[in-house]
Amino acid sequence: MAQKVFLSWKWVDDQLNIIGDKLEGKDLEFVAGIPRGGLIPAVMMSHAFGIKYISYSSAKQLPKELRAKTIVIDDIADTGHTLREAVELGFLTATLSIRIGSKTIPMYHGEHILDDRWLVFPWEKLDSVPMQDYLNK
């Protein structure tokens, strides 16, 4: 089993600030989070940068010109599976972290993960079980 790394709220804030710096000057209307892992970072980004929050299901209903002004965030681009739809729909995309080897690359991201450690985000249970591609099971 991969080594678990327990992330702090400060780490999350730091990654959001890295992403926020890269977004400076962008004309953003909305931020949405991919359920489950992106919900909390999306709300945090909304508060930190004054971007209106919208649910991902509502964001998918936006016209194309507003999708280009909407950033969709997730906690990690691991395999890239859950991020692919957002890219295909024309959203700006961001992740707090990106694992080398992700098939979908977000436009903006925080930390590069170069090994197979399992990230446990502060909103997850401490005894969480690594479940790669849990949506496919």
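Laid out as a table, the results:
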read-out: Cβ-Cβ under 8 Å pairs, at least 6 apart or on other chains, the stretch 48-67 side part of a helix (DSSP H, G or I) and surrounded by 19 or more Cβ atoms within 10 Å (Cβ to Cβ), far side at pLDDT below 95 and of a type in the set (D, E, K, R); value: none
read-out: Subset of the stretch 68-124 [closer than 17 Å to Pro35 by Cβ, among the hydroxyl-bearing types (Ser, Thr, Tyr) and under 9 Å from the mean Cα position of the chain (by Cα)]; value: Thr93, Thr95
read-out: Some residue of the stretch 89-98 being touching a helix residue (DSSP H, G or I) at 6+ places or on another chain (Cβ under 6 Å) and either on the phi > 0 side of the Ramachandran plot or of a type in the set (Lys, Arg) (or both); value: yes
read-out: Search result, residues across the stretch 4-19 that are surrounded by fewer than 18 Cβ atoms within 10 Å (Cβ to Cβ) and touching a strand residue (DSSP E or B) at 6+ places or on another chain (Cβ under 7 Å); value: Lys4, Val5, Phe6, Ile18
read-out: Some residue of the stretch 39-52 being within 15 Å of the chain's Cα centre (by Cα) and either on the phi > 0 side of the Ramachandran plot or among the polar types (S, T, N, Q) (or both); value: yes
read-out: Hits in the stretch 9-49 - residues which are touching a Ser or Thr at 6+ places or on another chain (Cβ under 8 Å) and over 24 Å from Val120 (Cβ atoms); value: Leu28, Glu29, Phe30
read-out: Close pairs (9 angstrom Cβ cut-off, 6 or more residues apart or separate chains): in contact (Cβ under 8 Å) with a residue 60 or more places away in the chain in the stretch 1-18, among the aliphatic types (A, V, I, L, M) and assigned to a helix (DSSP H, G or I) anywhere; value: Val12/Ile40; Val12/Met44; Leu16/Met44; Leu16/Met45; Leu16/Ala48
read-out: Output for the stretch 30-47, where each listed residue is buried (at least 16 other Cβ atoms within 10 Å of the Cβ) and either touching a Lys or Arg at 6+ places or on another chain (Cβ under 9 Å) or not aliphatic (A, V, I, L, M) (or both); value: Phe30, Val31, Ala32, Gly33, Gly37, Gly38, Pro41, Ser46
read-out: Extreme residue, surrounded by the fewest Cβ atoms within 10 Å (Cβ to Cβ), among residues of the stretch 82-127 that are among the β-branched types (Val, Ile, Thr) and in a loop (DSSP other than H, G, I, E, B); value: Ile100
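The values are calculated or read from the model by the stated rules, or taken from the named source; none is laboratory data. Quantities reported herein were computed from a predicted structural model and do not represent experimental measurements. Every residue, glycine among them, receives a Cβ derived from its backbone with ideal geometry; neighbour counts consider all protein chains shown.
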